[in-house]
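*Asks:* Below is the structure I would like to discuss, written out as structure tokens.
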Amino acid sequence: MATADADDFLPEALQFRPSAPLVDIGANLTHESFDRDLEAVIQRAQTAQVTTMIVTGTDLAHAKQAVTLAKQYPGLYATAGVHPHDASHWDKNLERAMAALHAMPEVVAVGECGLDFNRNFSTPQEQERAFEAQLALAVESDLPLFLHERDAGQRMREILHAWRDEISHAVVHCFTADSDTLFGYLDLDLHIGLTGWICDERRGHHLRPLVSDIPLERLMVETDCPYLLPRNLPAKLKGRRHEPALLPWIVREIAQWHGISETELGAATTKTAQRFFRLPTES
């Protein structure tokens, strides 16, 4: 039986409500760590002005769960794709199942898909085969792409360059790479998603001087929760589980490095996300 834990609530020091609504473009709310208190997590997010959350579907089971959540909770939407770690499972049956999900109104992007040459849980050849198949599905459905890339920037750019005239929009989610990779993506007219990685003094500092090079109309924000809890929060969470209610702290950090106010950064990334995912705008 699950017991109450310190990650069931946010300390008062972390309860931060910005003036403008935010969009979390990458929330893994189907993760088992949210099973016991998902409704409270969503309520805390809404209280923190994170009014829209894109629930990431990384395989068939999680994509179906994401759609179920999007049907159940206003302000939630889903992506549907196969992560490169699971690319070895790609076959025609999976392709048909993904195409059916992409036709559902709750699904706003194809993905999470892409290339991960860092861990190679699937071989590079299997990853490229699944990725190109999902690029074709994005063309067929006219949905934008929610992309994952680790240590595969050059190959990712080569593949996307070949498809660029056919696909619509694409966002490289949880961007953590170097300047050459960033500028290569921007040259392809891609969008960039930034997470709490930038709040990590051990490994995220190289991103900070790059932030101001990302045009606001290409920039979006995300938690990638329950992962990547910001390390510079003013209070500790014993459970170390990240959640969408903490997105305003990430926005504050990104705004500092972009050289603008957090209000401007928040409003701009929300507008960009609404346009990218074709979301309804608040009146």
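The values are calculated or read from the model by the stated rules, or taken from the named source; none is laboratory data. Note that the structure is a prediction, hence the values are computed from the model and not measured. Backbone-built Cβ (ideal geometry, glycine too); neighbour counts: all protein chains shown. All accessible areas refer to the heavy atoms of the entire protein, side chains included, with ligands and DNA or RNA removed. Shrake-Rupley method; radii C 1.70, N 1.55, O 1.52, S 1.80 Å.
*Asks:* With all protein chains present, how much of the accessible area of the chain (probe radius 1.4 Å) comes from carbon and sulfur, to the nearest whole percent? Intermediate results must be reported in sequence, preceding the final value.
*Replies:* Details: 6010 of 12130 Å².
That share works out to 50 percent.
*Asks:* Here's a follow-up. Averaged per residue, what accessible surface does the chain expose to a 1.4 Å probe, in Å²? Before the final figure, lay out each step's value.
*Replies:* Details: 12130 Å² over 283 residues.
Computed with neighbouring chains in place, this is 43 Å² per residue.
*Asks:* How high is the FRET efficiency from ALA100 to ILE260, r the C-beta distance, R0 35 Å, rounded to 0.05? Provide the component values of the computation, followed by the final result.
*Replies:* Working: r = 42 Å, r/R0 = 1.19.
FRET efficiency, ALA100 to ILE260: 0.25.
*Asks:* Percent relative contact order of the range 81-195, based on C-alpha pairs within less than 8 angstrom and at least six residues apart?
*Replies:* Normalised by residue count, the contact order of the range 81-195 is 25 percent.
*Asks:* Below 20 Å, Cα to Cα, which lysines can LYS271 reach? Residues fewer than 8 away in the same chain don't count.
*Replies:* Filter leaves no residues.
*Asks:* Let me ask something additional. How much length would be gained if the chain were fully extended between HIS205 and ASN120, taking 0.36 nm per residue of separation minus their Cα-Cα distance, in nm to one decimal? Walk me through the intermediate numbers first.
*Replies:* Working: separation 85, 0.36 × 85 = 30.60 nm, distance 2.59 nm.
Once the chain is fully extended between HIS205 and ASN120, it gains 28.0 nm.
*Asks:* Given a cut-off of under 8 Å on Cα pairs at least six residues apart, what relative contact order in percent is computed for the chain? Can you show the working numbers first?
*Replies:* Details: 561 pairs, mean separation 60.6, N = 283.
In percent, rounded to a whole number, it is 21.
*Asks:* Okay, moving on. Quote to one decimal, in nm, the extra length available between HIS161 and ALA61 on full extension: 0.36 nm per residue of separation minus the C-alpha distance between them. Intermediate values should be presented prior to the final figure.
*Replies:* Numbers: separation 100, 0.36 × 100 = 36.00 nm, distance 3.03 nm.
Value of the extension gain: 33.0 nm.
*Asks:* What is the set of long-range amide H partners of VAL50 at a cut-off below 5 Å, with H atoms built 1.01 Å from backbone N?
*Replies:* Amide H to amide H, under 5 Å and 5 or more residues apart or across chains, VAL50 pairs with LEU22.
*Asks:* Would you calculate a helix-derived [θ] at 222 nm for the chain, using -39,500 (n - 2.57) for each DSSP H run of n ≥ 4 and dividing by the full residue count, to the nearest 500?
*Replies:* Helix contribution divided over all residues of the chain: -11000 deg cm²/dmol.
*Asks:* How big is the charge dipole of the chain about its Cα centre, in debye rounded to the nearest 20, if each Lys and Arg gets +1 on its Cβ and each Asp and Glu gets -1 on its Cβ?
*Replies:* Details: 26 positive and 41 negative charges, 102 e Å.
Using only the charged Cβ atoms, the result is roughly 500 debye.
*Asks:* Calculate, for ARG17 and LEU216, the FRET efficiency according to 1/(1 + (r/R0)^6) with r their C-beta to C-beta distance and R0 25 Å; round to the nearest 0.05. Working shown, then result.
*Replies:* Values: r = 22 Å, r/R0 = 0.88.
The formula returns an efficiency of 0.70 here.
*Asks:* Full-extension gain between ALA235 and GLU39, please, as 0.36 nm times their residue separation minus the C-alpha to C-alpha distance.
*Replies:* The span from ALA235 to GLU39 would gain 68.3 nm if fully extended.
*Asks:* In whole Hz and in residue order, list the ³J(HN,Hα) couplings for the range 162-175 that follow from phi through the Karplus curve 6.51 cos²θ - 1.76 cosθ + 1.60, θ = phi - 60°; x for Gly and Pro.
*Replies:* 5, 9, 4, 6, 9, 7, 8, 9, 8, 10, 8, 7, 6, 5
*Asks:* Please work out the C-alpha center-to-center distance from the range 204-263 to the range 99-129 and express it in whole Å.
*Replies:* Centre-to-centre (Cα) distance: 25 Å.
*Asks:* I'd like the Karplus ³J(HN,Hα) series for the range 255-264: coefficients 6.51, -1.76, 1.60, θ = phi - 60°, whole numbers in Hz, and an x wherever there's a Gly or Pro.
*Replies:* Rounded to whole hertz, the list is 4, 4, 7, 7, x, 9, 6, 5, 5, 5.
*Asks:* With point charges of +1 on the Cβ of Lys and Arg and -1 on the Cβ of Asp and Glu, referenced to the Cα centre of the chain, which listed residue (LEU115, VAL211, CYS199) lies farthest in the positive direction of the dipole?
*Replies:* Farthest towards the positive end: CYS199.
*Asks:* Whats the longest run of the chain with zero trypsin sites (Lys or Arg not before Pro) that are DSSP loop and have at most 12 other Cβ atoms within 10 Å? Could you put the intermediate results ahead of the total?
*Replies:* Working: sites that count: ARG119, ARG202, ARG203, LYS236, LYS238, ARG240.
Free of exposed loop sites, the longest segment is 1-118.
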